[in-house]
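Read the structure below first, then the notes.
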C-alpha cells in the first residue's frame, strides 16, 4: 500500500507542477488552446496518442472485444495504428495545419464556419460537440472504479473527484502546453505499463504459447461451434469485428479533440516524425490492450459477467499480479484517463467559448476574457462529467451509458466527411455539411431510443457509428454535386494557402540545376 500511495503522490505532484510551470504559455487564446502552434513532434505525437486511448479502451473495450472475438481483437489495435494514426497523419496532418492557420481557426467548428462561409454551420458544430463530448468525458471515469477498488479499497466517488480536480488544475493553469507535456509523460507510463502487464499476465498462464493453446481449447456454443475459434485469425464474428476496427480507427479523423492536435504542429519535421511516433505508440498501447483482452476467457472461472459486466474482465485478469505491478496498472489507467479528459475538456471549453459565446452571446470579447471564460468552462465541464459519472455509478442509469456509447459515432459521423472534403475538394458545399451533421446525429440518437427497429447489424452503436462515417463519405460528395457550388472567391482564398511557395533542402526536393 505504501508503494501504491507513494507512486500516486509522485505522479500527481509532477502533473500539477507541469501545469503551473506552463502558465507562461497560456496567456492568450493561441497559447492556451494551441500552445502557440509551436509544439514539437514528440509532444504532438504523444498528445495525439494519449488523447486517443483512455481507460475506456484499456478496461472496457479490451475486455469486451477480447471476450467476444478472442485474440482476433488485436486487429482493432492494428487498425488504430495504421488507419487511426499513420494514415490520419499522412492525409490530414499537413493540410489541416496549413489551412487552419491560413483561416485563423483554432477549433473544428471555427474551421467549418470559415471554410464554408457559414456562421450557422459553426454554431451547429459547436452544439453537436457540446452535446456529445460531455457524456464521452463522463465515460472516462468508468474504468477507474474497479481498479481503484481492487488496489486501494476506497470509495469510487473519491477517486473520481480527486482525478477530476487534479486534471482541472493543470489544464486550467497551463492550457494546451501543459496538457501536451503531461501527455508525453503519461504516454511513456502507458507504454511501459502495458508491456509489463502483458508479460506478467502471460507468465501467469505459462507463457505465450501455453496461453494461446489454452485459448484454443475454449468452447462457447452460443458464440460459435468452430473449435479453437477464439485463437483464430479473424475470430468468431469477423463482420462485427470490422465495425469495431472502423469506428475506433477511422473515427479519429472526425473527432474534434483529435484533429485539433494537428492545428498545433510546429513545422514539417514535426509532421513526419510525429506520424512515425504516434503509429508506434498506437501499435504498442492499443495493440497491447486488445491483445491482452484477447486472453480474457482464460480467466472465465473468476469473471462474473452477470454481476460486473465486461468491465470486470480486465480487473479480474490483473487482480493476481504483484503489488508493484498493480500500482503500475493504476498509474497507467490514471494516465490514460487524465490525458483524454484534459484533451476533451480543453476542446469543449474552447469550442463553446470561441464558436458559440464569442460574437454571438458576448460581443467584443477580449483575448484575456476569452481565456478566462475557457478556464471557467473547464471547471463547469469537469463538474458536469463528475456528476454524470457518479449518478451512473450509484443509480445504474442505463440511458447515460447508451448515450456514452453513441457519442463517438455521432461526432465522427457528423464531422469526418465534411472536414476531409473541406481540406481536399473545392466543390464541397455547405448543404453537404448540413446533411452530414443531421444524418449522423439523427441516426445515432435514434439508435438509443429505437434500437429494436434497426437492422440486426446496426443495432450495435459501434456498427451504427461506423455506418454513419461511411455514409458521410458518400453523402458529402453526392449532395455537393447536386447543390449550388460554394462561392468561388471564398474557396479560392481558402485553398490559396496550398499554392504558396516555400524553400526546402535538396534532400526533400531536387533543384533545377543540371
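Tabulated data for the structure shown
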| read-out | value |
| --- | --- |
| Close pairs (6 angstrom Cβ cut-off, 6 or more residues apart or separate chains): on the phi < 0 side of the Ramachandran plot and touching a residue at least 12 places away in the same chain (Cβ under 8 Å) in region 382-396, in a loop (DSSP other than H, G, I, E, B) and buried (at least 20 other Cβ atoms within 10 Å of the Cβ) anywhere | 389/141 |
| Residues (surrounded by 24 or more Cβ atoms within 10 Å (Cβ to Cβ) and farther than 16 Å from residue 27 by Cα) located in region 353-380 | 355 |
| Residue in region 93-103 that is over 16 Å from the mean Cα position of the chain (by Cα), within 30 Å of residue 394 (Cβ to Cβ) and surrounded by fewer than 23 Cβ atoms within 10 Å (Cβ to Cβ) present | no |
| All positions within region 170-220 that are over 23 Å from the mean Cα position of the chain (by Cα) and either within 30 Å of residue 376 (Cβ to Cβ) or not in a helix (DSSP H, G or I) (or both) | 205, 206, 207, 217, 218, 219, 220 |
| Test: residue in region 5-17 that is surrounded by fewer than 22 Cβ atoms within 10 Å (Cβ to Cβ), part of a helix (DSSP H, G or I) and under 21 Å from the mean Cα position of the chain (by Cα) | no |
| Residues that are closer than 23 Å to residue 340 by Cα and more than 16 Å from the chain's Cα centre (by Cα), drawn from region 228-262 | 243 |
| Test: residue in region 385-398 that is at pLDDT 85 or above and either assigned to a loop (DSSP other than H, G, I, E, B) or surrounded by fewer than 17 Cβ atoms within 10 Å (Cβ to Cβ) (or both) | yes |
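The values are calculated or read from the model by the stated rules, or taken from the named source; none is laboratory data. Predicted, not measured: the structure shown is a model, and the values here were computed from it. FYI the Cβ positions are ideal-geometry reconstructions off the backbone, even for glycines, and counts take in every protein chain you see.
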